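Student: I am attaching a structure below and will ask some questions about it afterwards.
The values are calculated or read from the model by the stated rules, or taken from the named source; none is laboratory data. Quantities reported herein were computed from a predicted structural model and do not represent experimental measurements. Positions of Cβ are backbone-derived with ideal geometry, glycine not excepted, and every protein chain shown enters the neighbour counts. Just so you know, the surface numbers come from the protein's heavy atoms only, side chains and all, with ligands and any DNA or RNA stripped out. Shrake-Rupley method; radii C 1.70, N 1.55, O 1.52, S 1.80 Å.
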Amino acid sequence: MVVRTRIIGGVVIPVTESGLWYENGHVVVEDGRIVAVGPGEGSPVPGEAVVNAAGKYVLPGFVNAHGHAAMALLRGYADDLPLMDWLQKKVWPIEDRLTGEDIYWGTMLALLEMIEGGITTFADMYFHMDRVAEAVAQAGVRGVLSRGIIGTGPDEGRGAIRESREFASRWHGAEGGRITVTLGPHAPYTCPPAVLRQVAEVSAELGVGIQIHLSETRSEVEQIAASHGKSPVDVCAEAGLFERPTVVAHAVHLTEADIDLMARFDVRVAHNPGSNLKLGSGVAPLPKLLQRGVVVGLGTDGAASNNNLDLLEEIRLAALIHKGVGEDPIAVDADTALALGTREGARALFLEEGAGTLAPGAPADLIFMDGSGPHLLPLYNPISQVVYAAKSGDVTDVMCDGRWLLRDRQHQTLDRDKILFHVSRIVEGFTR
């Protein structure tokens with residue numbers, strides 16, 4: 001079994017520093033780690049497998065820092081609605097009908113799409129999370145997984161917290177470290193302060209992080225202000241949530257004081273431009289967050305609110321939206337946008353040093369993109385080309401943890417036809 005692979009001939013974009021790329025570079029992978037990166041072919045070693053990536057870009061796998069994978073089953077089910085109507089009238093009622101088997105195959109559908117689009121790491125908050133973890137194990141990707149916690153019901157979230165404990169005991173660090181378990185309080189409007197305090201305590205006890213939706217809509221901020229006399233950010237801080245490693249999704253409606261508080265506690269953000277636009281939630285203050293030193297990654301959110309799991313689309317939106325909103329063509333440049341979808345996404349999820357880059361010692365998570373299409377020619381700057389011109393369909397090959405998941409656009413770990421068959425059967429049941 002070959003454990004050392006030398007990739008040569010491609011345009012290598014390491015995403016380790018701004019503007020760095022090698023026109024004809026090499027990447028060497030051994031035992032699931034990157035051991036060398038640089039120009040030319042490097043120094044070949046006998047017994048290596050050599051992969052010729054001529055005509056392709058070689059870059060880190062994309063990191064999807066926020067989502068609900070199994071909601072791929074609900075793609076197109078409820079569109080063009082405000083967030084609360086979308087949730088309360090359409091999404092939550094049908095989610096009550098989903099079984100663990102449904103969620104397994106819905107996650108598998110999402111994984112097909114994410115792998116084909118170059119995503120090697122994704123964050124997920126949902127339920128029946130053991131089935132989600134089984135799908136992640138089969139697919140070979142990295143998952144940062146949390147059982148969603150709603151604290152407004154009769155049991156005040158106790159059942160979900162118990163399930164989260166059990167889930168962490170079974171899966172945290174599993175699959176050679178590819179699976180990371182976090183706690184997932186849904187949001188301050190569904191988890192009162194007492195529940196958030198309990199989540200913070202359990203997080204410390206288990207040694208795991210937290211992901212939560214925060215300040216997604218103006219109405220949410222107004223509701224929290226009316227109930228608690230403060231912002232959602234303040235509510236989380238006072239509950240002790242931010243004393244634990246926390247990534248917040250959305251963070252659209254923030255005050256200057258909110259941003260200062262988040263920077264002080266090293267709260268990290270998953271920016272979801274596509275979902276926020278589609279639901280009419282607004283545009284997060286990304287340039288301000290970056291200026292204050294807040295770590296920000298990018299997320300697709302679920303396919304029910306996006307309606308795709310195309311992280312490259314989020315990279316492009318992050319670059320374009322903030323230029324337009326701020327009337328500033330350099331608000332988010334191409335280097336920054338690509339980093340948000342790779343290196344900074346890994347940092348936002350508190351993954352290990354070097355994750356989301358092509359650097360010696362980093363996990364061997366990488367992708368090839370075909371650079372021969374007319375929309376990618378001529379080539380002046382490959383970083384700009386990836387951000388402003390490439391399409392997710394240009395992804396040809398995907399490696400995670402040193403293992404090929406996609407080769408020449410063919411899945412190596414998932415049975416595409418089987419997954420699509422099961423999804424069609426599930427969706428037929430929704431209409432009965």
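Student: Out of all the residues in region 196-228, which are within 20 Å of Ile179 (Cβ to Cβ) and more than 23 Å from the chain's Cα centre (by Cα)?
Tutor: Once the filter is applied, which keeps residues that are within 20 Å of Ile179 (Cβ to Cβ) and more than 23 Å from the chain's Cα centre (by Cα), region 196-228 yields Val202, Glu205.
Student: Does at least one position in region 35-45 carry a residue that is part of a loop (DSSP other than H, G, I, E, B), among the hydrophobic types (A, V, I, L, M, F, W, C) and out of contact with any helix residue (DSSP H, G or I) (no Cβ under 9 Å at 6 or more places or on another chain)?
Tutor: yes
Student: Just name the residue that is farthest from Tyr22 (Cα to Cα) out of those in region 398-429 that are among the acidic types (Asp, Glu) and without any contact (Cβ under 8 Å) to a residue 60 or more places away in the chain.
Tutor: Checking each candidate, the answer is Glu428.
Student: If you don't mind, there's one more thing I want to ask. Those residues that are touching a strand residue (DSSP E or B) at 6+ places or on another chain (Cβ under 7 Å) and open to solvent by 10 Å² or more (accessible area, probe 1.4 Å), I need them from region 162-172; list them, please.
Tutor: Glu163, Ala168, Trp171, His172 - these are the residues of region 162-172 that are touching a strand residue (DSSP E or B) at 6+ places or on another chain (Cβ under 7 Å) and open to solvent by 10 Å² or more (accessible area, probe 1.4 Å).
Student: Can you find even one residue in region 289-308 that is in contact with a helix residue (DSSP H, G or I) (Cβ under 6 Å, 6 or more places away or on another chain), at negative phi, buried (at least 20 other Cβ atoms within 10 Å of the Cβ) and in a helix (DSSP H, G or I)?
Tutor: Taking every residue of region 289-308 in turn, none turns out to be in contact with a helix residue (DSSP H, G or I) (Cβ under 6 Å, 6 or more places away or on another chain), at negative phi, buried (at least 20 other Cβ atoms within 10 Å of the Cβ) and in a helix (DSSP H, G or I).
Student: Still on this model: Could you grab me the full set of residues in region 2-34 that are open to solvent by less than 30 Å² (accessible area, probe 1.4 Å), touching a helix residue (DSSP H, G or I) at 6+ places or on another chain (Cβ under 9 Å) and assigned to a loop (DSSP other than H, G, I, E, B)?
Tutor: Of everything in region 2-34, those that are open to solvent by less than 30 Å² (accessible area, probe 1.4 Å), touching a helix residue (DSSP H, G or I) at 6+ places or on another chain (Cβ under 9 Å) and assigned to a loop (DSSP other than H, G, I, E, B) turn out to be Ile13, Val15, Gly32.
Student: Now, a different point. Which of (1) within 18 Å of the chain's Cα centre (by Cα); (2) under 27 Å from Ala339 (Cβ atoms) is the odd one out, the single condition Arg75 does not satisfy?
Tutor: (2)
Student: Can you tell me which residue is most open to solvent (accessible area, probe 1.4 Å) among those in region 319-328 that are farther than 14 Å from Lys278 by Cα and free of Cβ contacts under 8 Å to residues at least 60 places away in the same chain?
Tutor: Glu327
Student: Can you name the helices (runs of 4 or more DSSP H) wholly within region 177-280 that have at least 2 residues being of a type in the set (A, V, I, L, M, F, W, C) and surrounded by 17 or more Cβ atoms within 10 Å (Cβ to Cβ)?
Tutor: Output list reads 193-206, 218-228, 232-238, 256-264.
Student: Moving on. Counting just the residues of region 144-173 that are of a type in the set (S, T, N, Q) and in a helix (DSSP H, G or I), which one comes out nearest to Gly297 (Cα to Cα)?
Tutor: Only one residue tops the list, namely Ser164.
Student: Just one of the numbered conditions (1) surrounded by 18 or more Cβ atoms within 10 Å (Cβ to Cβ); (2) touching a residue at least 24 places away in the same chain (Cβ under 8 Å); (3) touching a strand residue (DSSP E or B) at 6+ places or on another chain (Cβ under 8 Å) is not true of Leu83; which one?
Tutor: Failing condition for Leu83: (3).
Student: A further question follows. Is there any pair linking a residue in region 48-59 that is open to solvent by 50 Å² or more (accessible area, probe 1.4 Å) and in a strand (DSSP E or B) to one that is at pLDDT 95 or above and not aliphatic (A, V, I, L, M), with Cβ under 7 Å and at least six apart or on different chains, and which?
Tutor: So the pair list comes out as Val50/Arg6; Asn52/Gly9.
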